[in-house]
């Protein structure tokens, strides 16, 4: 899906084309966003901004996606872009996927955010308990060259392996797992599916890279350290994935 097997994970209100290009020498992919696509998610994003979080709230989110992906493409950087999106409705996801198709970009459906405002409108990790709707989103996104779903491990009442199997059946090619304190779930998902598994949470050095790849992850991702592209953490992780790239198995 991308090489080297290191992704830059989306950072609310910060992960734009400029951010991706700054670290393009280290990573194989960059998930821009997240982007609130429809009115309910945009209202939730505005509420988050009101309590001092950062969010992307352009006047036209779909035009913003096109603009950002074009900026990465125009730079001819050796990094594959993706867009992390939130929506309560299917059609904006379908449209975003079509834009991604123009740039060989990954569309990443956000089933990860746990902020109360987003969960209240049925987004983020709330989607993990509504696998039918999540599968519908995945199916709508299949116009994109690749569909990923960003998920969170350890959500009460959620069988993440069952969710992974459901999204794979719907057409997803990748799952981006924030492992939290459940690192072994990466191995469970890798064993149960043919999804490209991106492991996230605590990826800071060679030991963490080796642990996740050892569990069967195909790639790892970093979030906050990506804000410092010349910093020691991103450099350590980039060096580690080059050294410990697993043999292709699927």
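The values are calculated or read from the model by the stated rules, or taken from the named source; none is laboratory data. All values reported here derive from a predicted model rather than from experimental measurement. Heads up, the Cβs are rebuilt from the backbone with ideal geometry, glycines too, and the neighbour counts pull from every protein chain shown.
Screening residue 3 against (1) touching a strand residue (DSSP E or B) at 6+ places or on another chain (Cβ under 7 Å); (2) in a loop (DSSP other than H, G, I, E, B); (3) more than 15 Å from residue 222 (Cβ to Cβ) leaves a single unmet condition, (1). Would region 150-168 turn up any residue that is surrounded by fewer than 17 Cβ atoms within 10 Å (Cβ to Cβ) and closer than 22 Å to residue 62 by Cβ? No - not one qualifying residue is present in region 150-168.
I'd like to check something: does region 82-90 contain any residue that is in a helix (DSSP H, G or I) and touching a strand residue (DSSP E or B) at 6+ places or on another chain (Cβ under 9 Å)?
Among the residues of region 82-90, not one is in a helix (DSSP H, G or I) and touching a strand residue (DSSP E or B) at 6+ places or on another chain (Cβ under 9 Å), which makes the answer no.
When residue 188 is tested against (1) in contact (Cβ under 8 Å) with a residue 12 or more places away in the chain; (2) closer than 30 Å to residue 54 by Cα, just one condition goes unmet, and that condition is (2).
For residue 76, the conditions (1) under 19 Å from residue 103 (Cα atoms); (2) buried (at least 18 other Cβ atoms within 10 Å of the Cβ); (3) over 15 Å from the mean Cα position of the chain (by Cα) all hold with the exception of (2).
Yes/no matrix, rows are residues, columns are (1) under 28 Å from residue 14 (Cα atoms); (2) part of a helix (DSSP H, G or I); (3) at pLDDT below 95; (4) within 14 Å of the chain's Cα centre (by Cα):
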residue: 148; (1), (2), (3), (4): yes, no, no, yes
residue: 151; (1), (2), (3), (4): yes, no, no, yes
residue: 166; (1), (2), (3), (4): no, yes, no, no
residue: 188; (1), (2), (3), (4): no, yes, no, no
residue: 194; (1), (2), (3), (4): no, no, no, no
residue: 198; (1), (2), (3), (4): yes, no, no, yes
residue: 220; (1), (2), (3), (4): yes, no, no, yes
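What residue, among those in region 24-63 that are within 25 Å of residue 6 (Cβ to Cβ) and outside any loop (DSSP other than H, G, I, E, B), is farthest from the chain's Cα centre (by Cα)?
56
Evaluation of residue 100 against the conditions (1) within 21 Å of residue 188 (Cα to Cα); (2) surrounded by 20 or more Cβ atoms within 10 Å (Cβ to Cβ) shows that the sole unmet condition is (1). For residue 209, indicate whether it is touching a residue at least 40 places away in the same chain (Cβ under 8 Å), surrounded by 24 or more Cβ atoms within 10 Å (Cβ to Cβ), at negative phi and in contact with a helix residue (DSSP H, G or I) (Cβ under 7 Å, 6 or more places away or on another chain). The answer is no for residue 209.
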